[in-house]
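Asks: Input: one structure, supplied below.
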Amino acid sequence: PAAIAQARPVPPDGGDPAILTLPAHSTGLGQPVVTDGYGLPSKYERNVQRRQSPGLTQTAQASVSFAPLQSLFGIVTPSGLHFERHHQGWWDIDPSRHRLMINGSDEAIVRTPKVFTMDELMRLPSVSRFHFIECGANSGMEWGNVAVPTCQYTHGMISCSEFTGVPLKILLDQCGVDYRRGRYVLGEGADGSSMTRTLPMELVESGEVLVAYGQNGEMLRPENGYPLRLVVPGVQGVSWVKYLRRIEVGDQPYGAKDEVIHYVDLMPDGLHRQYTSTQEVKSVVTTPSGGQVLLDKGYYQISGLAWSGRGRLRRVDVSVDGGRNWQQARLQEPVMSKCLTRFSLDWTWDGRPALIQSRATDETGHVQPTYRQLRAVRGSRSIYHNNAVQTWLVQESGEVKNVQLS
Amino acid sequence: PAAIAQARPVPPDGGDPAILTLPAHSTGLGQPVVTDGYGLPSKYERNVQRRQSPGLTQTAQASVSFAPLQSLFGIVTPSGLHFERHHQGWWDIDPSRHRLMINGSDEAIVRTPKVFTMDELMRLPSVSRFHFIECGANSGMEWGNVAVPTCQYTHGMISCSEFTGVPLKILLDQCGVDYRRGRYVLGEGADGSSMTRTLPMELVESGEVLVAYGQNGEMLRPENGYPLRLVVPGVQGVSWVKYLRRIEVGDQPYGAKDEVIHYVDLMPDGLHRQYTSTQEVKSVVTTPSGGQVLLDKGYYQISGLAWSGRGRLRRVDVSVDGGRNWQQARLQEPVMSKCLTRFSLDWTWDGRPALIQSRATDETGHVQPTYRQLRAVRGSRSIYHNNAVQTWLVQESGEVKNVQLS
Amino acid sequence: QAAAPSAGYAGIGRPATAKELQAWDIDVRPDFKGLPKGSGSVAKGMEVWEGKCASCHGIFGESNEVFSPLVGGTTKDDVRTGRVARLTDPGFPGRTTLMKVSSVSTLWDYINRAMPWNQPKSLTVEEVYAVTAYLLNLGGVLPDDYVMSDRNIAEVQQRLPNRNGVTTAHAMWPGAGLGRAARPDAAGVACMRDCATEPKVASILPDHARGAHGNLAEQNRLVGAQHGVDTRPAGAA
Amino acid sequence: QAAAPSAGYAGIGRPATAKELQAWDIDVRPDFKGLPKGSGSVAKGMEVWEGKCASCHGIFGESNEVFSPLVGGTTKDDVRTGRVARLTDPGFPGRTTLMKVSSVSTLWDYINRAMPWNQPKSLTVEEVYAVTAYLLNLGGVLPDDYVMSDRNIAEVQQRLPNRNGVTTAHAMWPGAGLGRAARPDAAGVACMRDCATEPKVASILPDHARGAHGNLAEQNRLVGAQHGVDTRPAGAA
Ligand code: HEC
Ligand code: HEC
Ligand SMILES: [Ca+2]
Ligand SMILES: [Ca+2]
Ligand SMILES: [Ca+2]
Ligand SMILES: [Ca+2]
Ligand SMILES: [Ca+2]
Ligand SMILES: [Ca+2]
Ligand SMILES: [Co+2]
Ligand SMILES: [Co+2]
């Protein structure tokens, strides 16, 4: 194993030089306040970055970057490390010129189509809620077999933020909607792809769907849809339309490119499932995880993230023997609906190979499947919605490898 | 009032040019993923910065910068905007050379003094919790009368993060502590000031005090104590020792500079209160707030932040007539202990002068005092622990001014 | 019937004008609601394609350079049945756009809003009809002399190779209108002890691919209970 | 008695050595636990002060240039009573360090760990004794010929002007050891209707100070329900 940065063994002169020789920061004067009006992480944290997976896409504007889950704590994803998914590149849009239009698929469905400015939207009643956003294609590279080395690449198309925005229902009510006929809602972006996706009106009526401008206390980041995006808790990221410019209420689903050609799940019988939107119960151990090396035998805190698009987590179990035996993990409060939950379990590594897994159960009682259970139903060509149990092999060397079990 | 960015009145050619003329971002190709491995806010958000209050301190290394509360949403403070308080400047410390020492004030109190590396600390069981940190001097400039124009300066020495770290109790148990005699705990920093502060062992025993390395999912920022700081929920920020290098368990308080010369509260009888540590129940309306101008009459969502160092908030009331009449505000879930809670209230501005206030009550039943109630007990020379009700005057022009009532 | 607009937030937002709606309400649905009147020929489509599309998608729509192939993998028989036979073959490598698309409106709508990729929304209505027709012609769906229009697009729909190849019989639509399954179809078992599992490693990252994502030591922070493993090739400094 | 170290996390952390404890365990408590043996004279202290301190704190410790004055505001009578009389006068403007400090250990400890500000921890033990004595001499607490040491520091404590001027009788210490009040001393009233308040504005930011913090329009974001008010002086562009 790689050397642990430790004060032992004690050098012959009776102490750790990092203690005996006072460092410059203990004997000098540091930097002033507001060195940066907007601060940044330590220079020693430069390894913690979002990254592309080489070869996954042919261009970088219709592509993905993955959040470094192996280096994150708690449940909030720093906005600078939020995963990215663009279809036609990202933009930094002037918010004073951005508009939101609301209309109907015919004149009877929405009585008064309207236009809103950001100033106006930000006057309306807003809420702030913690939710995860996961791309429907997260873990997609792993459907067939092991393809990538770390949890950044296996699971890093997920992030979690405190979002702030106006419940879409409030905006629709402003325009006068026929909720009996208008059971489908189209979101449309302002970027080149002008991304469209259909949502069920039920989700809007629940009050959960937000027209959001805030993320982790500040405005959305440009990469994540500044100045306006949809927040659709529990639903795959592609529906959280960025650079939101228009909402249409209709009496039929819209058959958008990303619900007819992509974000469709190929089943073993050759049929494509369309409108598969919910992100089902899922979890992953992030520490220790693939591509890491344990520094020593002894105590470790196994820790990871769990989530479900159907509500709160009920429990997470962890196995260190590849699923033969399980122990119930601690869930870190607060456990919120359609939000990441951090779990942990004490573990003492005896130096022998171990197979670490986590298995989440949500409040509906849905238990996360193994690869065998998942493939028995869906085959291995779905691309989307892989929520199988992840296995990490801890080798005797301390190195952790991504594996799949038979 | 300043003009609202609006699509109305509709220009003669039948539409808003921001709609009729498609913008470049709707007709072109945007930026690639990982333009920044660590992303930043929009260039249109440059006004949202932490700032110094001119003349407050004579140097910038023993000083303060204030978080821009007027521009923040929800409860999480973006780490780049976290308020700063340095005594001898900030440092970016190499975490692989940082050590934590634990010892006793005599040999009987701690049986085995120990040294830990960051690698070792990060192996131990950690928890992640949302807490506010407020400087004891927050609102200190306003004890006597109105001094500063915006809530950034009146209340901006507060921030709220998800902190991750090891409960200090776990570390003490590793060393063997005489908890009967050892009722006081010293925290000591590694910076030039080597800041020291005494904590009561009761807080450590509660499990709440953390030796923290994580903040909002990533490592602490250098300005906030990277790589290690104390997290002491409910207690003023000066006790959350940054760049933490040492913990000592003792049988007496330590009489540190910042508990004997500063962070002491002068009472009307000329006595200084020492060891005033708890941040009592407090709140502030952040929107609308001082230095802003309302764009129009009509609906607004009054919104603000409330907190208490004694636990959860029970309720927040809002007045728009200077405290004659109050309405109960909505509290945004989750309402967590020793954490910011966002509250909101619907309000329709009729264009006449209004006096907006908020008044928080915590789970112990402690009600936030008015200036009159606070000064009746503490006078106006305490400097620290001003938790009085804040009043904003909305003038007919729409401009919001900081005022104090008689 | 549509409710009256709520007056709760009077003065916030204003009615959209007809011109504004025309500028932005561009979506086209599977029932062709939203489709502008017009037409375009395969011949004209070839012109558009070769001028504005082929550089990225290849002269026959088969390029994998900037995106996966649009055309290929469908047969005359698929056009007849509306099911792409190759989708049942787990051995078939990629999936082209034409193998998946089940509604022709989707092609029309998407090309109209998003293509050419670097100049979206620059095509005329005729060009969109024409180039959509040409794409389908490249895929063997439409004959060389076809002129596609708002009047015959429903017929074109009836030729799409995968028009019958889709389903919403699943539990993942969070509304009542689509999706007919009540419960998730793939679920684990909450066993805790001696579970019926053979923990045999069936797939492991091959050694040669261990470094395909760069040096993992540089993808973990410098301190922590675990460090990143050094995956530089042997001999690298 | 100290519990045995818990063995739960064996191998994580190791015993500190005597040398390490000596290097870092530098705190000095009010009961002088931690105070190194040694001494220093007022005369020597003047040398240290003028060489290493006066540039920031002023030749008499009264400068307000980089920090508030250390010396001033105390009287011979205060030295006798241990209460700084001027602290009861609401009209007295600033408060110097010597007006507040109640334990001499605090001065010793802080100068030892943190001063000179730009070279903390550079003083010898003798220098710390000496310059502490000199500061107290400047404040009229110690005579010119005093030699302060670990043996007489308890006497020095008994001369501190504000040694009796402090209390922990409040409810803001979150432990049992200090602070004797059970309930917060300042609290509001949960009145909801027609509360006994005269909402009269007693203090408002004066017009000339409205722009003292810069242009507030630039301290709010560009969009929102409220914008920042333009506080540039009239006539500014
Ligand atoms: C500069 C490169 C470029 C040009 C020119 C271009 N395309 Fe594309 N096209 C792309 C990329 C990249 C995508 C995938 C976008 C995404 O992932 O969202 C795409 C997607 C498509 C799709 C959807 C395919 C699918 O399976 O999602 C169609 C259809 C299409 N293009 C047709 C056209 C037509 C017709 C033209 C010309 C009028 C054209 N393209 C010009 C790069 C280009
Ligand atoms: C380069 C400037 C500088 C020099 C040189 C300097 N000081 Fe200071 N001193 C400061 C500043 C600034 C503070 C306030 C630090 C803070 O706010 O935490 C301070 C604080 C103090 C305090 C605490 C006062 C209080 O009320 O908190 C004492 C005592 C003190 N200095 C003594 C000394 C002595 C003795 C020396 C020389 C041996 C010295 N200083 C040299 C700048 C200086
Ligand atoms: Ca439409
Ligand atoms: Ca996505
Ligand atoms: Ca000590
Ligand atoms: Ca502070
Ligand atoms: Ca290292
Ligand atoms: Ca503007
Ligand atoms: Co290390
Ligand atoms: Co505006």
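Asks: For segment B:261-351, just list the percent of Cα-Cα distances falling in each 5 Å bin from zero outward, please.
Replies: Result, from short to long distances: 3, 12, 18, 18, 14, 13, 12, 7, 4, 2 percent.
Asks: A follow-up question, please. Per DSSP helix of 4 or more residues, -39500 (n - 2.57); summed, then divided by the residues of chain A. What does that give at 222 nm, rounded to the nearest 500?
Replies: Using -39500 (n - 2.57) per qualifying helix, the result is -2000 deg cm²/dmol.
Asks: Right, another one. In a solvent-free Debye calculation with one equal scatterer on each Cα, what is log10 I(q)/I(0) for segment C:61-128 at q = 0.23, 0.25 Å⁻¹, listed in the order of the q values?
Replies: Ignoring solvent entirely, the Cα scatterers give -1.07, -1.15.
Asks: Segment B:327-406: D in µm²/s via Stokes-Einstein (Kirkwood Rh, Cα pairs, 20 °C, 1.002 mPa s)?
Replies: 144 µm²/s
Asks: Which of A:311, A:28, A:322 moves most in a GNM of chain A, Cα contacts under 10 Å?
Replies: A:28
Asks: Can you tell which of A:270, A:140, A:104 shows the greatest fluctuation in a Gaussian network model of chain A with Cα springs below 10 Å?
Replies: Per the Cα network of chain A with a 10 Å cutoff, A:270 tops the list.
Asks: What are the semi-axes of the equivalent ellipsoid for chain C, taken as the square roots of 5 times the Cα gyration tensor eigenvalues, largest first, in whole Å?
Replies: 42, 29, 25
Asks: Using θ = phi - 60° and the Karplus curve 6.51 cos²θ - 1.76 cosθ + 1.60, what whole-Hz ³J(HN,Hα) does each residue of segment C:161-168 get, with Gly and Pro shown as x?
Replies: Once θ is set to phi - 60°, the couplings for segment C:161-168 become x, 10, 4, 9, x, 10, 8, 10 Hz.
Asks: Same structure, new question: For residue B:37, what charge total do you get from the other residues with a beta carbon under 15 Å from its beta carbon, if Lys and Arg give +1 and Asp and Glu give -1? Intermediate results must be reported in sequence, preceding the final value.
Replies: On the way: positive: A:43, A:46, A:50, A:51, A:221, C:221; negative: A:45, A:84, A:223, B:36, B:218, C:218.
Once positives and negatives cancel, what remains is 0.
Asks: Counting each DSSP H run of 4 or more residues in chain C as -39500 (n - 2.57), what helix-only mean residue ellipticity at 222 nm follows after dividing by all residues, to the nearest 500 deg cm²/dmol?
Replies: So the calculated ellipticity at 222 nm is -7000 deg cm²/dmol.
Asks: Compute the long axis of helix C:42-52 from its Cα atoms, compare it with the longest principal axis of the Cα atoms of chain C, and write down the angle in degrees, 0 to 90, nearest 10.
Replies: 50 degrees
Asks: Where the Cα atoms of segment A:94-133 are projected onto their three principal axes, how long is each span, largest first, in whole Å?
Replies: Principal extents (Cα only, largest first): 35, 26, 20 Å.
Asks: OK, next. Output needed for segment B:124-167: three equivalent-ellipsoid semi-axes, defined as square roots of 5 times the C-alpha gyration tensor eigenvalues, in descending order, whole Å. Intermediate results must be reported in sequence, preceding the final value.
Replies: Numbers: eigenvalues 204, 18, 4 Å².
Value: 32, 9, 5 Å, ordered largest first.
Asks: Under 5 Å between amide H atoms, partner at least 5 residues away or on a different chain: which partners does residue B:244 have, H built in plane at 1.01 Å?
Replies: B:190, B:228, B:229, B:230
Asks: What fraction of the DSSP beta bridges in the protein assembly as shown is antiparallel, stated in percent and rounded to the nearest 5? Please list the in-between numbers first.
Replies: Details: 174 of 188 bridges.
Bridges in the protein assembly as shown are about 95 percent antiparallel.
Asks: Also, quick follow-up: Taking only Cα atoms and a 10 Å spring cutoff, compute GNM fluctuations for chain D and point out the largest among D:188, D:139, D:91.
Replies: Of D:188, D:139, D:91, the Gaussian network model singles out D:188 as fluctuating most.
Asks: Taking 7 Å along the Cα-to-C-beta vector as the label spot, tell me the residue C:18-residue A:297 distance in nanometres, rounded to one decimal.
Replies: So the two model labels end up 8.4 nm from each other.
Asks: Now a separate question. If you wrap the protein assembly as shown's Cα atoms in a convex hull and average its projection over all directions, what's the area in nm²? If you can, show how the numbers build up before the last one.
Replies: Numbers: hull surface 200.7 nm².
One quarter of the hull surface, i.e. the mean projection, equals 50.2 nm².
Asks: Another question, then. Please say if segment A:85-271 is rounded, prolate or oblate, where rounded means a/c under 1.5 for a ≥ b ≥ c the square roots of the C-alpha gyration tensor eigenvalues, and otherwise the choice is prolate for a/b larger than b/c and oblate otherwise?
Replies: Oblate.
Asks: Quick check: from the Cα gyration tensor, does segment B:179-248 come out rounded (a/c under 1.5), prolate or oblate?
Replies: Oblate, because a/c is 1.5 or more while a/b does not exceed b/c.
Asks: Using +1 on the beta carbon of Lys and Arg, -1 on that of Asp and Glu, and nothing else charged, what's the dipole of segment C:38-157 about the Cα centre, debye to 20?
Replies: In debye, rounded to 20, segment C:38-157 gives about 340.
Asks: Same structure again: Can you give the convex hull volume of the alpha carbon atoms of segment D:1-63 per residue, in Å³? Mind showing how you got there, number by number?
Replies: Working: hull volume 12.6 nm³, N = 63.
Spelled out: Cα convex hull of segment D:1-63, divided by residues, is 200 Å³.
Asks: Give me the number: length gained by fully extending residue C:59 to residue C:230, i.e. 0.36 nm times residue separation minus the C-alpha to C-alpha distance, one decimal in nm. Could the numbers behind the result be given before it?
Replies: Values: separation 171, 0.36 × 171 = 61.56 nm, distance 4.41 nm.
Length difference between fully extended and current span is 57.2 nm.
Asks: Residue A:219 accessible area, nearest 10 Å², 1.4 Å probe?
Replies: My reading of the accessible area for residue A:219 is about 10 Å².
Asks: Taking a point 7 angstrom from the Cα of residue D:89 along the C-beta vector, which residues in segment B:223-263 have backbone N less than 15 Å away?
Replies: none
Asks: Also, quick follow-up: For the full complex of protein chains and a 1.4 angstrom probe, list D:194, B:350, B:106, A:362 by accessible area with the highest value first.
Replies: The residues order as D:194, B:350, B:106, A:362, largest area first.
Asks: Also, quick follow-up: For A:127, A:177, give me the order by solvent-accessible area with a 1.4 Å probe, most accessible first, ignoring ligands, DNA and RNA.
Replies: A:127, A:177
Asks: Which sequence of D:155, C:65, D:127 reflects their accessible areas, 1.4 Å probe, from the largest down?
Replies: C:65, D:155, D:127
Asks: With a sphere of radius 10 Å drawn around the Cβ of residue A:232, what net charge do the other residues whose Cβ falls strictly inside it have (Lys, Arg +1; Asp, Glu -1)?
Replies: +2
Asks: With a sphere of radius 10 Å drawn around the Cβ of residue B:133, what net charge do the other residues whose Cβ falls strictly inside it have (Lys, Arg +1; Asp, Glu -1)?
Replies: Residues near residue B:133 contribute +2 overall.
Asks: To one decimal in nm, how far is residue A:9 from the same spot in the other copies, if labels go 7 Å from Cα toward Cβ? Please give the shortest first.
Replies: Copy-to-copy label distances for residue A:9: 8.9 nm.
Asks: Roll a 1.4 Å probe over the protein heavy atoms and report the accessible area of residue B:363 in Å², nearest 10.
Replies: Looks like 90 Å² after rounding.
Asks: Cα-based Rg (one decimal) and Dmax (whole number) for segment B:1-139, in Å?
Replies: Reported Rg and Dmax, both Å: 24.9, 87.
Asks: While we're here: Using the Karplus curve 6.51 cos²θ - 1.76 cosθ + 1.60 with θ = phi - 60°, what ³J(HN,Hα) values do you get for each residue of segment D:104-118, in whole Hz, with x for Gly and Pro?
Replies: Computed from phi, the couplings for segment D:104-118 are 5, 4, 5, 5, 4, 4, 6, 4, 5, 8, 10, 10, x, 3, 8 Hz.
Asks: Leaving out same-chain residues fewer than 8 places away, which aspartates and glutamates sit with a Cα under 17 Å from that of residue D:121?
Replies: B:188, B:191, D:20, D:25, D:27, D:109
Asks: Next up: Does segment C:38-157 classify as rounded, prolate or oblate by the C-alpha gyration tensor (a ≥ b ≥ c root eigenvalues; a/c under 1.5 gives rounded; else a/b over b/c gives prolate, otherwise oblate)?
Replies: Oblate, since a/c reaches 1.5 and b/c is not below a/b.
Asks: Please list, ordered by chain and number, the residues whose modelled amide H lies under 5 Å from the amide H of residue A:215; skip anything fewer than 5 residues away on the same chain.
Replies: Under 5 Å from the amide H of residue A:215 lie the amide H atoms of A:164, A:220, each far enough along the sequence or on another chain.
Asks: Sorted from largest to smallest, which semi-axis lengths in Å does the alpha carbon gyration tensor of chain B give for its equivalent ellipsoid, taking the root of 5 times each eigenvalue? Numbers along the way, then the final one.
Replies: Details: eigenvalues 329, 156, 64 Å².
Computed over chain B, the values are 41, 28, 18 Å.
Asks: Another question about this same structure. Segment B:284-338 to segment D:33-63: how many Å between their Cα centroids?
Replies: 50 Å
Asks: Another question about this same structure. Expressed as an acute angle from 0 to 90° and rounded to the nearest 10, what is the orientation of the C-alpha long axis of helix D:125-138 relative to the principal long axis of chain D?
Replies: It works out to around 60 degrees.
Asks: If you count only protein heavy atoms and use a 1.4 Å probe, how large is the accessible surface of residue A:348, to the nearest 10 Å²?
Replies: It works out to around 90 Å².
Asks: Take the residue pairs D:37/D:76; A:401/D:19; D:44/D:100 and return only those whose Cα atoms are more than 31 Å apart. Write out the running numbers ahead of the final one.
Replies: Values: D:37/D:76 29 Å; A:401/D:19 42 Å; D:44/D:100 25 Å.
Listed pairs above 31 Å: A:401/D:19.
The values are calculated or read from the model by the stated rules, or taken from the named source; none is laboratory data. Keep in mind the model is a prediction, meaning the values are calculated, not measured. Heads up, the Cβs are rebuilt from the backbone with ideal geometry, glycines too, and the neighbour counts pull from every protein chain shown. Only protein heavy atoms, including side chains, enter the accessible area calculation; ligands, DNA and RNA are left aside. Shrake-Rupley method; radii C 1.70, N 1.55, O 1.52, S 1.80 Å.
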